Each structure stands twice: as C-alpha cells, then as structure tokens.
1. Search region 34-64 for residues being of a type in the set (Phe, Trp, Tyr) and either surrounded by 10 or more Cβ atoms within 10 Å (Cβ to Cβ) or in contact with a Lys or Arg (Cβ under 6 Å, 6 or more places away or on another chain) (or both), and hand back the single one that is nearest to Pro12 (Cα to Cα).
2. Go through region 34-64 and report how many residues are of a type in the set (A, V, I, L, M) and part of a loop (DSSP other than H, G, I, E, B).
3. Which one is modelled with the highest pLDDT among residues in region 1-33 that are in a helix (DSSP H, G or I) and surrounded by fewer than 10 Cβ atoms within 10 Å (Cβ to Cβ)?
Amino acid sequence: MKNNNKQQEKKPLIKTKMKPDGGVEVELQKSPGNTVVGKIFAIAIAFITVFGGVFALIYLLTQI
C-alpha cells in the first residue's frame with residue numbers, strides 16, 4: 001500500500017497555454033536542474049567554460 005501513496009502524478013516538462021489574443025504562452029513545470037537534459041547542459045557549459053579558456057590560452061601561447 002505504501003507504493004500507491006508514493007507514486008505521484010507526473011507533470012509534463014512544458015505546459016502551453018493559448019492567450020486570448022491568439023498567442024502561445026509556454027510555461028516550464030520543472031526546474032531545468034531537476035531534469036536529465038538540464039543536468040547534461042549544465043555540465044557541458046561548466047566543462048566548456050573551464051577547459052575552453054585553458055585550451056584558448058595554450059593555443060595563444062603557442063602562436064607567439
């Protein structure tokens with residue numbers, strides 16, 4: 001019986017709404033840090049920021 005209580009209704013990641021003027025409003029239901037894709041992007045951005053600067057510095061020093 002505990003399994004039934006722990007199962008939660010899954011919300012979609014993106015929720016869209018129609019505005020009265022015909023526009024579309026997009027709302028994120030989850031934080032990007034809580035999703036697998038969000039974590040992959042965060043790690044990729046951190047990796048590029050740290051190692052991109054190091055590789056650029058090494059490249060510029062070897063060109064001199």
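1. Phe41
2. Result for region 34-64: 1.
3. Across region 1-33, the extreme among qualifying residues is Gly33.
The values are calculated or read from the model by the stated rules, or taken from the named source; none is laboratory data. Given the structure is predicted, the values throughout are model-derived calculations rather than measurements. A quick note on method: Cβ atoms are made from the backbone with ideal geometry, for glycine too, and the neighbour counts reach across all protein chains shown.
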